[in-house]
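Participant: Sending over a structure as structure tokens; questions will come in a sec.
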Amino acid sequence: MKGFVPKYPNDWALADWSSGCVRRTPLNCQHGDGFLKYSGIKLPDTRNSWFNVSMDLKECAAACLKNCSCTAYANSDISEGGSGCLLWFGDLIHIRDLTENGQELSIRLAASELGEDNLSVLAAISKLQFSWL
């Protein structure tokens, strides 16, 4: 995934992926992070997550940005166009590509890992975030 590298590259080269990946660039909550949306995936394990069924996706993104421990967000219910908010904190475990029935997940990345299009989305989310204060 963009922004991530194998935790142990030598093990990875031997097809031992059990240690997973780490961020290429650490998050920096004070200097700006953003999100990159991935589609067609199995969502991570939810043991370190939180949900709110009444929030929309923009509110979900803003809530994630306000919490420096938040690492990703998605709709909590994908039926009928999606609704609700699901936030992850800490490591994102067991993400997989799915050819069918995959969902969308927005993963927090350092601003330097994001392209221009994602930075404009981040600016719009930041405006929404500050309007709540």
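Participant: Name the residues in region 95-114 that are charged (D, E, K, R) and either within 16 Å of residue 1 (Cα to Cα) or part of a helix (DSSP H, G or I) (or both), would you?
Facilitator: 96, 97, 104, 108, 113
Participant: Here's a follow-up. With the condition kept exactly as written, say whether any residue in region 30-40 is among the basic types (Lys, Arg), in contact with an Asp or Glu (Cβ under 8 Å, 6 or more places away or on another chain) and either surrounded by fewer than 16 Cβ atoms within 10 Å (Cβ to Cβ) or in a strand (DSSP E or B) (or both).
Facilitator: Yes.
Participant: Take region 8-21 and flag every residue that is modelled with pLDDT under 90 and surrounded by 13 or more Cβ atoms within 10 Å (Cβ to Cβ).
Facilitator: 11, 12, 20, 21
Participant: Cβ-Cβ under 8 Å, sequence separation 6+ or interchain: first residue in region 1-22 and touching a residue at least 12 places away in the same chain (Cβ under 8 Å) and under 23 Å from residue 106 (Cα atoms), partner hydrophobic (A, V, I, L, M, F, W, C) and part of a loop (DSSP other than H, G, I, E, B). Which pairs?
Facilitator: 1/95; 6/17; 20/93; 21/1
Participant: I'd like to verify a number: residues in region 35-56 that are closer than 19 Å to residue 101 by Cβ and free of Cβ contacts under 8 Å to residues at least 40 places away in the same chain, how many?
Facilitator: Qualifying residue count, region 35-56: 0.
Participant: Moving on. Any residue in region 68-89 that's at pLDDT 90 or above: show its pairings with residues that are of a type in the set (Phe, Trp, Tyr) at Cβ separation under 6 Å, as long as the two are six or more apart or on different chains.
Facilitator: Close Cβ pairs (under 6 Å, with a partner that is of a type in the set (Phe, Trp, Tyr)) amount to 69/89; 70/89; 71/88; 72/88; 86/51; 87/50; 87/73.
The values are calculated or read from the model by the stated rules, or taken from the named source; none is laboratory data. Since the structure is predicted, the reported quantities are computational estimates derived from the model, not experimental observations. Note: ideal-geometry Cβ built from the backbone for every residue, glycine included; neighbour counts use all protein chains shown.
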